[in-house]
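Peer 1: Pasting a structure below so you can have a look.
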Amino acid sequence: MRLHKLIFILTIGGLFFLTGCAEDPDYEEQYIEVEKWVGDDNIYKVDREITSTKEVDKVRKAVDQADWTKAKASMARPADYRFTFQPKDRRIITKAVLYELRMISPNKDRVELVIDAESKYTQLNKKDSAVLIEILTGDE
């Protein structure tokens with residue numbers, strides 16, 4: 001009888017372990033498409049694609065942890081960069097959120113983000129700004 005209990009407990013424990021190791025079904029690998037303002041009115045060109053999962057996760061973390069304010073931001077000039085998170089599996093169709101990034105300090109070490117469609121605005125601290133600048137623009 002003890003052997004049956006032991007086998008049962010080990011089986012249940014193994015199932016819990018395997019369930020915990022399973023990939024999150026809502027997680028979809030993404031890349032970031034970055035567009036750079038070319039200086040003519042509201043014209044942007046694709047500047048780069050960020051495909052490194054590690055870098056995409058860093059940008060996602062900085063954006064998600066930002067202190068967003070619900071406000072319609074009226075900017076004096078177009079954004080320096082725009083970016084979207086896109087699924088790596090091109091068969092998946094999603095409505096991408098367009099983030100607009102502006103450099104806001106003379107040293108270009110602070111940025112602000114705007115999500116126009118959702119009327120959201122934030123200014124990032126120097127640490128998170130540095131992460132976005134380095135990854136999205138390639139500048140260090």
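The values are calculated or read from the model by the stated rules, or taken from the named source; none is laboratory data. Not measured: the values here are computed from a predicted model. We place every Cβ from the backbone using ideal geometry, glycine too, and count neighbours over all the protein chains shown. Accessible surface is based on the protein model in full, side chains and every heavy atom, while ligands, DNA and RNA are left aside. Shrake-Rupley method; radii C 1.70, N 1.55, O 1.52, S 1.80 Å.
Peer 1: At 1.4 Å probe size, with the rest of the protein present, what percent of the exposed accessible area of region 30-77 is carbon and sulfur atoms? Intermediate values should be presented prior to the final figure.
Peer 2: Numbers: 1410 of 3290 Å².
Percent of accessible area from carbon and sulfur atoms in region 30-77: 43.
Peer 1: Does region 17-137 come out rounded, prolate or oblate, given a ≥ b ≥ c as the square roots of the eigenvalues of its C-alpha gyration tensor, rounded meaning a/c under 1.5 and, failing that, prolate meaning a/b above b/c? The partial results should precede the final answer.
Peer 2: On the way: a/c = 1.85, a/b = 1.61, b/c = 1.15.
Because a/c hits 1.5 or more and a/b exceeds b/c, region 17-137 counts as prolate.
Peer 1: For region 80-140, which whole-number percentage of the solvent-accessible area (1.4 Å probe, protein heavy atoms only) is attributable to carbon and sulfur atoms?
Peer 2: On the way: 1610 of 3480 Å².
Heavy-atom surface of region 80-140 belonging to carbon and sulfur, 1.4 Å probe: 46 percent.
Peer 1: Take Lys126, project a point 7 Å from its Cα along the Cβ direction, then tell me which residues of region 59-74 have their backbone nitrogen under 20 Å from it.
Peer 2: Residues 62-63, 66-67 qualify, since their backbone N sits under 20 Å from the label point.
Peer 1: Turning to a different aspect of this structure: Using 0.36 nm times the number of residues separating Gln65 and Lys88, minus their current alpha carbon distance, what extension gain do you get? Present the calculation step by step, with values, prior to reporting the outcome.
Peer 2: Values: separation 23, 0.36 × 23 = 8.28 nm, distance 2.30 nm.
Roughly 6.0 nm would be gained on extension.
Peer 1: So, by mean Cβ neighbours within 10 angstrom, what's the order for 114-121, 50-57 with the highest one leading? Working shown, then result.
Peer 2: Numbers: 114-121: 15.6, 50-57: 13.6.
In decreasing order of mean packing, 114-121, 50-57 become 114-121, 50-57.
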